[in-house]
Amino acid sequence: MKYRSHHCGALRPSDAGTEATLCGWVDSRRDHGGVIFIDLRDREGVTQVVFRPEEYPEVAEQSHGLRSEDVITVTGKVAPRLAGTENPKLATGGIELIATSLTVLNKSDVLPFQLDAKVSNEDLRLEYRYLDLRRPQMAQNLRLRHRVTTATRNYFDEQGYLEVETPILSNPTPEGARDFLVPARLTPGAFYALPQAPQQYKQLLQVAGVEKYFQIARCFRDEDLRAERQLEFTQIDVEASFISDVEIQTLIEGLLARIFREAKGVEISTPFPRMPYQEAMDRFGSDKPDTRFGLEIIDLSDVFAASEFKVFRSVLDGGGVIRALNARGAAEKLSKEQLKKWEEWAKTELGAKGLAYIKANATGEWESPIVKFFSEAEKAALAERMDLAPGDVLFFGADKWQAVCDTLGRVRLRCAELLELTKDSNALNFLWVVDFPLLAFSPEEAKWVAVHHPFTRPKTEDVPLLEAGEFAKVRAVAYDVVLNGVELGGGSIRIHEKELQARMFETLGIGPEEQQEKFGHLLRAFSFGAPPHGGIALGLDRLVMLLAGTESIRDVIAFPKNNRGLDLLTHSPVTVDFKQLRELYIQSTAKKP
RNA sequence: GGAGCCGUAGCUCAAUCGGUUAGAGCGCUGCCCUGUCACGGCAGAGGUUGCGGGUUCGAGCCCCGUCGGCUCCGCCA
């Protein structure tokens, strides 16, 4: 028996008069007592099937029992729709299949939710994920993801890149996220770790002479989940030898252009603008600036250089900065009470000391808790520098440079949301942020940590600064690609010399012994003619999210976990019995519920 | 580890200030219906208002606790 001659999206008026067999799910039924219409759905579309009692009484009788989501195969004559009953909403709306025989392959129970309606209850969607994936939007997302990965593979293949699979059972990483551990039965008491990224393997592949590597790589991080974060996620991972940072950026611009063209039918313009990290932070308060709107941060330290306002005075004397941004036209949307809430938000959520503001009313009058401390000259200079007009609201940041950037960067985004600056925008503002700092001081750990990762190469001209211990000033050959304020990925040119790598580890507080223990394999590999190399990794899930226009990573992953890392469909993770643990030389210390 | 929002029928939601028997749409079941495509008509079933406690003459609504979901901060080299 043949299930189908055509898919449900295939038949057209030109097929009229032929016989066809379709199979799929009953999408809906319209039972008129006599004639019965069934919309039959498969992955390619929907076709109307008609059961006519006067022509095929037995089949029509049988069709009365059909219910939503029953799986059937049906044979019939392709006929043009009666004049006036064509359905322009359907690709197959010009024809219908007049059923001559019907086989019910499988009945369906009533579904826990309707496929054509909004479902807010996400537990339910995840519990019945296989039904959720039948919904058109979700099915479309799966296809979109496939188109992205296919475009990626084709692109890299054409560029001469080799897809190489790297181990899922690998080693714990001393820095970075918490690892998922897997007990090694064959080595009692030892553990594998699931990779947070294939970083070391892809560098070792360069030492191996692969020269051009990519992988659609699953990565694992045992950290708390978020709307755009899962325990396991997928990276487009790339590494190449004898390549410059600009060449990698060009390669990735070509990839993204290809993906947007093939997955979305959109042409994007390349090359993307480049912006140094310092400039991104200064102007936008973020290392992944959304450049679809202005609201730029402006420095006022010189305006208040002689300020007698205590707060500003002490900040400036302590080496801090005074900065502000102008939320143009926000005055009518921000009452005094709301401004108070914003200040509270800045304090509790952003950890700011406060959020001073000046609200310029429609009349031009200033409402502000701090303006009384300003001199006339300061007020005039401030108004001019900020281009302050009636209806504007200025927000101030006064603190260390980094803290002011962080606070005003967040305030900027919140203002953009309030003013709906990106609401109807279909702009695609790609951007390379370059010249990241190599190192950052971590007050919690009381040591210097790698901003990107410990294999990132310092800029050649900044190596003397590294050697002089001026760690904060050392820039890395590192770059992030950003789209509309979302970080799509990041990479760097790596260190390929073992001496420089050892010096880097040392700077990070990893002594010679620990280096040998944890990175000996890498340092040894570097001693056997490691080529200069570099690469990048792009977050595939996030990219597909942007293309699909969804806010949740769960919408672009077939079987995601919920907020607490639970798979509501299969109920993983599960406890295992003592015997299974004993085989692995493992004992649980978890308290029994 | 912390904060916010939410939890009412299978689903999506309503229920005025704390006040009669907790409603609607969709879905479901039965009957009717021969050109619909959001088919239509009639009838019907379906509720421990997440759970536990408290305040009150009276609680879906107020209070406390708890469980669950989502979002954010921390965390994510």
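Observations on the structure shown:
- Computed Kirkwood radius, in angstrom, where 1/r is averaged over Cα pairs of chain A: 28.8 Å
- Approximating the spin labels as points 7 Å out from Cα along Cα→Cβ, the A:Val266-to-A:Ala184 distance works out to 4.6 nm.
- Residues A:Glu55 and A:Ser108, FRET efficiency given R0 of 22 Å [Cβ-Cβ distance, rounded to 0.05]: 0.20
- Rounded to the nearest whole Hz, the Karplus-based 3J(HN,Hα) values (6.51 cos²θ - 1.76 cosθ + 1.60, θ = phi - 60°) of the stretch A:535-543 follow the sequence x, 6, 9, 10, x, 5, 4, 5, 4, with x at glycine and proline.
- Stretching A:Val486 away from A:Arg43 to a fully extended chain increases their span by 156.3 nm, per 0.36 nm per residue minus the current alpha-carbon distance.
- A:Ser244-A:Arg524 FRET efficiency (beta carbon distance; Förster radius 25 Å; 0.05 resolution): 0.40
- Cα-based Rg / Dmax (Å) for the stretch A:173-235: 14.0, 39
- With the convex hull of its Cα atoms as the shape, the stretch A:15-122 has an orientation-averaged projected area of 7.6 nm².
- Percent breakdown of C-alpha pair distances by 10 Å bin, ordered from the shortest bin, for the stretch A:452-593: 9, 23, 21, 24, 20, 3
- For chain A: relative contact order, % (alpha-carbon pairs under 8 angstrom, 6 or more apart): 13 percent
- Once the Kirkwood radius over Cα pairs is known for the stretch A:348-419, the Stokes-Einstein relation at 10 °C and 1.306 mPa s delivers a diffusion coefficient of 120 µm²/s.
- With Cα atoms, 0 to 90° folded angle of helix A:512-526 axis to chain A main axis: 60 degrees
- Rounded to 10°, Cα long-axis angle of helix A:498-507 versus longest principal axis of chain A: 70 degrees
- Estimated vicinal HN-Hα couplings, Hz - the stretch A:307-314 in sequence order (Karplus 6.51, -1.76, 1.60; Gly, Pro = x): 4, 9, 5, 3, 4, 5, 4, 6
- In Hz, Karplus ³J(HN,Hα) per residue of the stretch A:319-334 (6.51, -1.76, 1.60; θ = phi - 60°; x = Gly, Pro): x, x, 10, 10, 9, 8, 10, 9, 7, 5, x, 8, 4, 6, 9, 10
- Mean ellipticity per residue at 222 nm, deg cm²/dmol - from DSSP H runs of n ≥ 4 across chain A, formula -39500 (n - 2.57): -8500 deg cm²/dmol
- Electrostatic dipole magnitude of chain A [Cβ: Lys, Arg +1; Asp, Glu -1; Cα centre; debye, to 20]: 960 debye
- Inter-probe distance in nm under a simple model that places probes 7 Å from Cα toward Cβ, at A:Val463 and A:Arg229: 3.6 nm
- Measuring nothing but how far apart in sequence close Cα pairs (under 8 Å, 6+ apart) lie, relative to its length, the stretch A:135-236 scores a relative contact order of 24 percent.
- With respect to chain A, whose longest principal axis is taken over its alpha-carbon atoms, helix A:376-386 is tilted by about 40°.
- Förster-model FRET efficiency, 41 Å R0, A:His32 and A:Glu420, C-beta, rounded to 0.05: 0.30
- Partners for A:Lys459 among aspartates and glutamates (Cα-Cα distance below 15 Å; same-chain residues under 8 apart left out): A:Asp245, A:Asp435, A:Glu467, A:Glu470, A:Glu497
- Temperature 25 °C, viscosity 0.890 mPa s: under these conditions the Stokes-Einstein estimate for the stretch A:407-508, based on its Kirkwood radius over C-alpha pairs, is 157 µm² per second.
- Scoring A:81-88, A:512-519 by mean Cβ neighbours within 10 Å over their residues and listing the highest first yields A:512-519, A:81-88.
- Order by protection proxy (mean Cβ within 10 Å, highest first), peptides A:567-575, A:220-228: A:220-228, A:567-575
Read-outs: derived from the displayed coordinates by stated rules, not from any lab. Being a predicted model, the structure only gives us computed values, none of them experimental. Cβ: placed from backbone, ideal geometry, glycine included. Neighbour counts: every protein chain shown.
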